[in-house]
Amino acid sequence: MDESIKREELEKVREEILACQKCRLFETRIQAVPGSGNIETKVMFIGEAPGATEDQKGIPFCGAAGKFLDEMLEAAGFSRADIFITNTVKCRPPENRDPEDDEKAICRHYLEKQIELIKPRVIVCLGRHASASLLPGMDSISKIHGRALKRQNGIVYLPLYHPAAALHNGGLRSTLISDFMKLPAILEKMDEIEKSNPKEE
Ligand code: URA
């Protein structure tokens, strides 16, 4: 798809999200957080839901968990400018409670549209909510974290522990960091496979 059309379509999705009143979360949010980053990326990161800082600033992962995420991105050779980042639910649940099933279901079409337009090759699922939403029927995050899972749509999913859960837990933190560091090799391998199987014109 032409980049300008993609940008326009994603802008429409962003505007819809900003005006969305489809579930109860609009009543308590300051603002919706549609997502941000590089729309030509090969890698999308998907978290759970905005927290307090994100609700104030309108940017995903701009609080403490986001700072940790940025450190891991840098260590793996990436920056925010290389990736697109969003959440399964676009508005902050009050008191940072877990998003409810109906909230996730109502919000889902925004995420699907973003994935359809951006066409990432790898989706990094941050935490159990994103992993369960994007990899339905899979085992719990404690079993599947760090495993690259290719699905029929051709996208490789990498489920990881959530940076907020790992931030103050030494064991989870080191597991998350070592899982995260698999990302460059996953992308390299995908490039190699693509080079050896060029698409026919
Ligand atoms: N946690 C999330 O899952 N998403 C954010 O945007 C911030 C914190």
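The values are calculated or read from the model by the stated rules, or taken from the named source; none is laboratory data. This one's a predicted model, so the numbers in the text were calculated from it and none came from an experiment. Here Cβ is always computed from backbone atoms with ideal geometry, including for glycine, and neighbour counts include all displayed protein chains. Heads up: the accessible areas ignore ligands, DNA and RNA and are worked out on the full protein's heavy atoms, side chains in. Shrake-Rupley method; radii C 1.70, N 1.55, O 1.52, S 1.80 Å.
Details
- Span from the segment 49-94 Cα centroid across to the segment 123-164 one, whole angstrom: 17 Å
- Here the calculated FRET efficiency for residue 182 and residue 106, from their Cβ-Cβ distance with R0 = 30 Å, stands at 0.35, rounded to the nearest 0.05.
- Accessible surface of segment 1-153, 1.4 Å probe, proportion on carbon and sulfur as whole %: 48 percent
- Highest average packing first - 138-145, 168-175, 64-71, Cβ atoms within 10 Å: 64-71, 138-145, 168-175
- Counting 0.36 nm for each residue step from residue 121 to residue 140 and taking away their Cα separation leaves a gain of 4.5 nm.
- Most to least accessible of 191, 179 (protein chains only, probe 1.4 Å): 191, 179
- Taking a ≥ b ≥ c as the square roots of the eigenvalues of the Cα gyration tensor, the chain is classed as oblate, since a/c reaches at least 1.5 and a/b does not exceed b/c.
- Among beta bridges from DSSP that stay inside the chain, the antiparallel ones total about 25%.
- Estimated inter-spin distance, residue 3 and residue 147, nm [label 7 Å along Cα→Cβ]: 3.8 nm
- Proximal aspartates and glutamates relative to residue 6, as straight alpha-carbon distance under 12 Å, when same-chain residues fewer than 8 apart are discounted: 40, 116
- Overall shape: oblate for segment 97-201, with the ratio a/c of the largest to smallest alpha carbon gyration tensor axis at 1.5 or above and b/c at least equal to a/b.
- Using the 1.4 Å probe convention, the accessible area of the chain works out to 52 Å² per residue with neighbouring protein chains retained.
- Lys/Arg +1, Asp/Glu -1 at C-beta; the chain dipole; positive extreme among 73, 129, 106: 129
- Given 12/195; 67/182; 150/195, the pairs whose alpha carbons are separated by over 23 Å: 12/195
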